[in-house]
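Taking it in order: structure first as structure tokens, then the write-up.
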Amino acid sequence: MRHKLKDRAELQNTRALYAAALDKQRKRILVCTGTGCVASGSPAVYERLVALMKDKGVDCAVELREEPEAALHDGIKRSGCHGFCEMGPLVLIEPENWLYTKVKPEDCEEIVDKTIMRGEVCERLVYSLDGTAYPKRGDIPFFSKQTRLVLERCGQIDATSIAEAIAAGGYEAFEKALFDMTPDGIIAEITDSNLRGRGGAGFPTGRKWLQVQRQKAAQKYVVCNGDEGDPGAFMDRSVMEGDPHRMIEGMLIAALACGASKGYIYVRAEYPLAVSRLRTAIAQALEAGLLGDNILGSDFSFHLRINRGAGAFVCGEGSALTASIEGKRGMPRVKFFRTVEKGLFECPTVLNNVETFANVPLIINRGADWFKGIGPAGSPGTKTFALTGAIANTGLIEVPMGTTLREVILDVGGGMKDGAEFKAVQIGGPSGGCLTAEHFDLPLDFDSLKKIGAIIGSGGLVVMDCNTCMVEVARFFMNFTQNESCGKCVPCREGTKRMLAVLERVTGGEGKEGDIELLLELAEAVTNTALCGLGKTAAGPVLSTIKWFRSEYEAHIRDRHCPAGSCKKLRNLAIDPKICIGCTKCARNCPAGAISGEKKKPHDLDTGKCIKCMACVDACPVSAIVAVNDSGAKPDAA
């Protein structure tokens, strides 16, 4: 953007100009530079493509030019995350919508020569499933079975260009809200849509905005919670990296509706790419006159800044988050006043997460009735989920609220990895619970999950197969929660520590009768008396795993046996004489001297001496060391 937009007409003319320029691009190469693809090597792919295009004399500009006659012919651009993380690095070719997967720098010359110069698809680089090739991104089952609204522009536009965002409809909803709607009308539209907060609690967004609007205060704030701390969750990160202007537009509309003049985006420092993209987007919006004073010639002003968090999970809680922005230690406070009354700097504050704000422009543009037509009446719209774990297609997805677990795992996720048997899925992160095969046809929405004692949370889905020990899952999440406890209140500080100690004892083979009952008693105490949401939901994974997998706890305690065979202290090892080649590597690596035998003959393992360090397993070249259960059967290689 080369100049400040002075009024509505200039924004509309600029949008038409940019859209026309975008349409005139003969070819576009969008290299995914979301965090997942960056980790897989996409920067090297991008640089190699740029170098090749320059060598061949093809224009490689990455920004839309303002003059239609100077519209790009060929360009390499940095897109955000497509969500298809399992297949990265990804390269999208437009206008054909060809998606190349697992691209390496050495593939780039073929892409330039075959696709850019001759207009042919590189068949070896397209996604293939069960012998069927899917050149077009939209035809790939992973994408075709989603409903991408919040994520519709992620991966499709240059994430570093406000010009492309505007050309794709960015700030159109804000323009409508600023010039065609009143603050009351905006709030009425959001309220009527029944948009519920996507951060986990599901509180009605319109009601929150109305409460802030009604406050008589000279200063009000709009705060975006981008402190995404759940293990395995990266929904908000992908929006901030791939379509930052959509989120900023939602914040602008909220500020307009509530009478706020200042805003903060609270994003964890562990998201450096998101921070970089947001800084770029804010600077571009300021330069374009879409942030700052007297926006588009109106009397509305809004200033926005970024505040980086130090990675404290507890700062996802509203009062802890605002305390952190104020420069204090991020700790929850007793809520004599709600955030909508006295939030940031003791002023009325709208606090929503990234995905919630990203839904707002869609509702303003398309209407509340359109939004309510997606998903169930009580939880309309779509929800983004991060699929991780033992599933074929790990990545980021977006489906209508009310989509069943079966559809998410089998259809969009492609089923279990390597044909493993499904066991459970952890939903809602450390504060959530487990769903089992019994819940395969359960709709994933706020109300349906609440009925069975689970929460949708921010949208993390960790899929587990039968090799997963559910007691260990509970221990893992309790360890995370205990480490993240701010320590302000005794129930959370001491209660989670006690629960973790019991779980560590059980998984370490030292469980005793009454431990399950003790865990339930501690869970009740922590849940009922903790100060904030972190403590009140900390026992969720323990309660749900006991409810659905109590027999595994009993096996650990009574039989000193881990049914999944994953708890090292409960694994009895043996050497299979039919496989052992007598190489002596296991004996030489055993620190306890538990293995004996002659060279080139099957060895023996003394379980009495074995300390289960697994050094022998790592050393064995033929996987002859196996885990055995109490009956002496050898279910699998250790």
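Read-outs throughout are calculated quantities, based only on the coordinates presented, and are distinct from any laboratory measurement. In this text the structure is predicted, and so the values were computed from the model without any measurement. For neighbour counting, all protein chains shown are included, and Cβ atoms are generated from backbone atoms with ideal geometry for every residue, glycine included.
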Quiz prompt | Under 16 Å from LYS417, Cα to Cα: aspartates and glutamates that are on another chain or at least 8 residues apart | solution = GLU86, ASP130, GLU407, ASP465
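Restrict the search to region 233-317; then list the trypsin sites (Lys or Arg not before Pro) that DSSP places in a loop and that have at most 14 other Cβ atoms within 10 Å of their Cβ.
Listed in order of number, the matching sites amount to none.
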Practice problem: Show the residues, 5+ positions off or on another chain, whose built amide H is closer than 5 Å to the amide H of ASN352. | Solution: VAL223, ASN225
Quiz item: Under 22 Å Cα-Cα from LYS4, which lysines qualify once same-chain neighbours fewer than 8 residues away are excluded?
Solution: LYS176, LYS262
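In region 407-440, which GluC sites (Glu not before Pro) fall in coil by DSSP and have 11 or fewer other Cβ atoms within 10 Å? Provide the component values of the computation, followed by the final result.
Values: sites: GLU407, GLU421, GLU438; in loops: GLU421.
Those satisfying the criteria are GLU421.
Antiparallel as a % of all DSSP beta bridges within the chain, to the nearest 5? Don't skip to the answer; put the middle values down first.
Values: 40 of 68 bridges.
Expressed as a percentage, antiparallel bridges in the chain total about 60.
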Practice problem: State, to one decimal in nm, how far the label point of LYS56 lies from the label point of SER596, with both points 7 Å from Cα in the Cβ direction. | Solution: 6.9
Self-check item: Mean ellipticity per residue at 222 nm, deg cm²/dmol - from DSSP H runs of n ≥ 4 across the chain, formula -39500 (n - 2.57)
Solution: -10500 deg cm²/dmol
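With +1 on the Cβ of every Lys and Arg and -1 on the Cβ of every Asp and Glu, and nothing else charged, how large is the dipole of the chain about its Cα centre, in debye rounded to the nearest 20?
About 1480 debye.
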Practice problem: List the residues whose amide H sits under 5 Å from the amide H of GLY309, counting only those 5 or more places along or on another chain, with H placed 1.01 Å from N in the peptide plane. | Solution: VAL267, ARG268, ALA269
Exercise. Could you pull the Rg and Dmax for the chain, using just the Cα atoms, both in Å?
Key: 27.2, 89
Self-check item: Given charges at Cβ of Lys, Arg, Asp, Glu: region 497-542 dipole, positive-most of THR507, GLY535, LEU520
Solution: GLY535
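Report the gain in length on full extension from LYS104 to LYS216: 0.36 nm times residue separation, minus Cα-Cα distance, nm rounded to one decimal.
34.6 nm
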Self-check item: Among LEU49, GLY309, CYS224 the positive-end extreme of the charge dipole of the chain (Cβ point charges)
Solution: GLY309
Self-check item: Out-of-range pairs (alpha-carbon distance over 27 Å; input LYS102/LYS585; LYS208/LYS328; LYS208/LYS536; LYS216/LYS536; LYS114/LYS383)
Solution: LYS102/LYS585; LYS216/LYS536; LYS114/LYS383
Practice problem: Set the Förster radius R0 to 41 Å, insert the Cβ-Cβ distance between GLU504 and ASP23 as r into 1/(1 + (r/R0)^6), and round the FRET efficiency to 0.05. | Solution: 0.10
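Averaged over every viewing direction, what's the projected area of the C-alpha convex hull for region 108-239? Give it in nm², one decimal, please.
Details: hull surface 51.8 nm².
So the mean shadow area of the Cα hull is 13.0 nm².
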Practice problem: Calculate the length of the line joining the C-alpha centroid of region 339-373 to that of region 243-306, in whole Å. | Solution: 14
